[in-house]
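Data first, discussion second: the structure below is written as structure tokens.
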Amino acid sequence: MSACRHNFGKASAAALADGESRAILDKAILQIHALRQRSVDAMPDFTDRRARAVAVRQATLDRLPDLLETLEASVTAAGGIVHFAEDASQASRLITDLLTARGVRLAVKSKSMVSEEIGLNEALAAAGIEAVETDLGEYIIQLMGQKPSHILAPALHVSKEQVSALFAEKFGRTSTDIPEMTRIARDSLRAKFLAADAGITGANIVVAETGTVMVLENEGNIRLTGSCPPIHVALMTLEKVVGSLAEAAAVLDILPPSATGQTLPVHLSLFTGARRDGERDGPREMHLVILDNGRSELLADPILRPILKCIRCGACLNVCPVYQSVGGHAYGSVYPGPMGSILSSVLKDAAGDARQPFACTHCGACAEACPAGIDHPVLLQELRRRQAEQGTDTATKSYAALARHPLLFGAAAAWARTVDPRLDRVAAMAPDGPVGKFLRGRKFPGLSKPFSRRFKAMAKRLSRAQAKGGRS
Amino acid sequence: MKAFLFIPCLVEHVLPRVGEATAMVLSRAGVAPELPAGQTCCGQFAYKRGRPDLTRPLARRFVEIFEDAPVIVSPSASCTAMVRKYPTLFEAGDPWRDRAARVAARTFELGEFLVDKLGCPDLGSRYVARATLHASCQTTRALGVGDATEMLLAAVEGLTLLPLAHPERCCGFGGAFSVDYPEVSQAILAKKIDDIIATGAEAVITAEPSCLLNISSALAKRAVPVKALHLAEVLAGGEL
Ligand code: SF4
């Protein structure tokens, strides 16, 4: 842990000061909520579907090494080439070398958080390869020179009006009508699809048995990215694999409803291998890059392992009060929100704030929303334990020591009662100290005469009430 | 029937009126409340700080104090949830694990106890107010009490419950979270307060003392004339 690591507290305070962004986020999240609720309500058997999907995700983790072996064989048999990458830099180097060796100058990309994780765009740029994002949201983010703020909706934090201004600046043509805006982006992207030497996609689900890479989208751009250019590079993390098409279907049952509130997205593409002899289209070369980047460590970890069941639906982000308030950028890591606070703990690059697991109110909304059955609070608690083991938390230690001795505890409380009225003065003197900050939005009621001393005085009233309460 | 009162430190020292109301409600339900001596803190704060090692001695103290209780009732869901986690603090085979499990199985949050154990007794409660309910995350999700709070409030004479927007949303306290990340905590809290004010209610009710403290402190800061009440206070009605 270097001292210059990201500071979530500072970043979130800054994010909160940006009222416009907060309002945009609020509106967007309310919309997603409504969509998700509607689609889940429309599926009376959602609980059963979810149980089936959770079982598939669990079974995947139980036999992950076998599945990856099967996957490698199937992809190879379908004319593809499989590469394993241990960490982020190895993965981005591998892809950059691969494309450089083939003389690629322009690559089109579909939205992929994994490519963010390995810093692919930066690596490609350094190698002189232009990489153009083709997902509308991701394209907007790229044009703005930003990072995604959500694992699913990368431009969740950007308003229609902001995009309109951006288009005016970049293309000299604009609108606030969504279909028209899509058209503007499409016109600029179409030329890229045709000119690209390679297409880079992510992978939502990958089927071991058939070597099929499955992607979900609403725009059709991933389909073009994976099929137009002569080379297709698909990037996945190792836990994205499932055994069979039937298992993939079980995951598909819950992914779109939890993510965008759709039964199925507009496009569901299945890429299997490269163009075969006699076929008229499809990439001539297909590469599947399987990234580890700390995940096998998670797999071997009995407590944190369940995070690998994650299907990247974003539901936990959308219900998290912390994410809802500060947005994705405050996290300073590739993956924000509850799932990110856990997953980032193993990522070597851009892991964010090491104390991220403490930035949680324990409301449990994430676990309730998660279709993959991940109990985030338990995992976050474990990460806290591992962190705390190394630290000296004097306040916690002293409180715990007092709590072991009722007499001391009572004496400390009595002392605090005399200090308590002065809390306001402390706050006024040091408004940026912990007390000052805590009291900025609160007026603390102060300590009272303890209940235990009042209880005896209640005896008569209690027995009267009990006599009356005989009717129950 | 006797019940031992498990009074969290927050209630003992900051919200004693919640303890009084709890004792009163139990009495009205025909249950005699007893207050075992020596209670301090359940250790939740240390546990959530990532210090099960500091929590363990407090769990042992709790087990010793409450081991003979026929039933243990607390006006706090988060503290009840902590007690339910006690067994996990001890290794399998450690006798403390079983002792903690026995105590945990007899510990209930007030609303949960009244509904699940006593079958929602008619307490003859009367509280005239137009109020809204903040269903705490600790009650609903952490402890899984379901709609016990709502059921009990529905039977209170004179009480009109107004729907709260986003009832599932956290109030932003989260114990140490509110001190570690004060800006975020207060941003979340501000939304909750806005929602409460928007209902037009004269009172907001919750079954969790930490939410109660958080929400009432913010209402006081904004000088909003909305009362914050614990479920027990409403059920105790005019009897206090
Ligand atoms: S942790 Fe669960 S809710 Fe969050 S993104 Fe993953 S699958 Fe979705």
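Computed values, structure above
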{"item": "The listed residue being open to solvent by 60 Å² or more (accessible area, probe 1.4 Å), within 8 Å of chain B (Cβ to nearest Cβ) and free of Cβ contacts under 8 Å to residues at least 40 places away in the same chain, out of A:LYS456, A:LYS449, A:LYS460", "result": "A:LYS449"}
{"item": "Single condition A:ALA414 does not satisfy, out of (1) free of Cβ contacts under 8 Å to residues at least 24 places away in the same chain; (2) facing chain B (nearest Cβ under 9 Å)", "result": "(2)"}
{"item": "Test for B:LEU219: is it within 14 Å of chain A (Cβ to nearest Cβ), of a type in the set (A, V, I, L, M, F, W, C), open to solvent by less than 10 Å² (accessible area, probe 1.4 Å) and under 14 Å from the mean Cα position of the chain (by Cα)", "result": "no"}
{"item": "Filter result (touching a residue at least 12 places away in the same chain (Cβ under 8 Å), surrounded by fewer than 24 Cβ atoms within 10 Å (Cβ to Cβ), of a type outside the set (A, V, I, L, M, F, W, C) and in a helix (DSSP H, G or I)) within region B:94-112", "result": "B:ARG99, B:ARG102, B:GLU112"}
{"item": "Residue check, A:ALA401 free of Cβ contacts under 8 Å to residues at least 60 places away in the same chain and touching a His at 6+ places or on another chain (Cβ under 6 Å)", "result": "no"}
{"item": "Residues satisfying the stated conditions in region B:200-218, i.e. in contact with a strand residue (DSSP E or B) (Cβ under 6 Å, 6 or more places away or on another chain) and part of a helix (DSSP H, G or I)", "result": "B:LEU212, B:ILE215, B:SER216"}
{"item": "Members of region A:300-320 that are more than 14 Å from the chain's Cα centre (by Cα) and either assigned to a helix (DSSP H, G or I) or aliphatic (A, V, I, L, M) (or both)", "result": "A:ALA300, A:ILE303, A:LEU304, A:ARG305, A:PRO306"}
{"item": "Any helices (runs of 4 or more DSSP H) falling wholly within region A:110-202 and containing at least 3 residues that are among the charged types (D, E, K, R)", "result": "A:160-171, A:178-195"}
{"item": "Search result, residues across region A:429-445 that are within 9 Å of another protein chain (Cβ to nearest Cβ), open to solvent by 70 Å² or more (accessible area, probe 1.4 Å) and assigned to a loop (DSSP other than H, G, I, E, B)", "result": "A:ARG440, A:LYS443, A:PRO445"}
{"item": "Output for region A:357-409, where each listed residue is within 13 Å of the ligand (Cβ to nearest atom), part of a helix (DSSP H, G or I), open to solvent by 60 Å² or more (accessible area, probe 1.4 Å) and farther than 27 Å from A:ASN7 by Cβ", "result": "A:GLU368"}
{"item": "Condition met for B:ALA100 (under 29 Å from A:PRO357 (Cβ atoms), of a type outside the set (Val, Ile, Thr) and away from chain A (no Cβ under 14 Å))", "result": "yes"}
{"item": "Meets criteria (away from chain A (no Cβ under 14 Å), open to solvent by 10 Å² or more (accessible area, probe 1.4 Å) and touching a Leu at 6+ places or on another chain (Cβ under 6 Å)) for B:THR160", "result": "no"}
{"item": "Any pair with Cβ under 7 angstrom, 6 or more apart, that starts in region A:323-350 at a residue that is without any contact (Cβ under 8 Å) to a residue 12 or more places away in the chain and ends at one that is of a type in the set (Phe, Trp, Tyr) and within 10 Å of the ligand (Cβ to nearest atom)", "result": "none"}
{"item": "Residue among A:ASP277, A:ASP292 that is under 17 Å from A:LEU61 (Cα atoms), open to solvent by 10 Å² or more (accessible area, probe 1.4 Å) and more than 16 Å from the ligand (Cβ to nearest atom)", "result": "A:ASP292"}
{"item": "Selection from region B:174-198 of residues that are β-branched (Val, Ile, Thr), facing chain A (nearest Cβ under 7 Å) and open to solvent by 40 Å² or more (accessible area, probe 1.4 Å)", "result": "B:VAL179"}
{"item": "Qualifying residue in region A:97-105 (condition: closer than 19 Å to A:ASN221 by Cβ and in contact with a Pro (Cβ under 7 Å, 6 or more places away or on another chain))", "result": "no"}
{"item": "Boolean, A:ILE342 is touching a Leu at 6+ places or on another chain (Cβ under 7 Å), open to solvent by 10 Å² or more (accessible area, probe 1.4 Å) and either part of a strand (DSSP E or B) or within 13 Å of the ligand (Cβ to nearest atom) (or both)", "result": "no"}
{"item": "Filtered residue count, region A:7-47, keeping only those that are assigned to a loop (DSSP other than H, G, I, E, B) and either open to solvent by 60 Å² or more (accessible area, probe 1.4 Å) or within 14 Å of another protein chain (Cβ to nearest Cβ) (or both)", "result": "4"}
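Residues are listed down the side, and each one gets a yes or a no for (1) outside any helix (DSSP H, G or I); (2) more than 8 Å from chain A (Cβ to nearest Cβ); (3) open to solvent by less than 30 Å² (accessible area, probe 1.4 Å):
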site: B:PHE4; (1), (2), (3): yes, yes, yes
site: B:VAL11; (1), (2), (3): no, no, yes
site: B:GLY19; (1), (2), (3): no, no, yes
site: B:SER27; (1), (2), (3): no, no, yes
site: B:PRO33; (1), (2), (3): yes, no, yes
site: B:GLN39; (1), (2), (3): yes, no, no
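Every residue, every condition in (1) under 24 Å from A:PHE451 (Cβ atoms); (2) of a type outside the set (Asp, Glu); (3) touching a Lys or Arg at 6+ places or on another chain (Cβ under 9 Å); (4) open to solvent by less than 40 Å² (accessible area, probe 1.4 Å), yes or no:
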| position | (1), (2), (3), (4) |
| --- | --- |
| B:VAL71 | yes, yes, yes, yes |
| B:PRO75 | yes, yes, no, yes |
| B:ALA81 | yes, yes, no, yes |
| B:ARG84 | yes, yes, no, no |
| B:PRO87 | no, yes, yes, yes |
| B:LEU114 | yes, yes, no, yes |
| B:LYS117 | yes, yes, no, no |
| B:THR139 | yes, yes, no, yes |
| B:ALA142 | yes, yes, no, no |
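The values are calculated or read from the model by the stated rules, or taken from the named source; none is laboratory data. Computed from a predicted structure; not experimentally measured. A quick note on method: Cβ atoms are made from the backbone with ideal geometry, for glycine too, and the neighbour counts reach across all protein chains shown. Note: accessible area is taken over every heavy atom of the protein model, side chains too, but ligands, DNA and RNA are not part of it. Shrake-Rupley method; radii C 1.70, N 1.55, O 1.52, S 1.80 Å.
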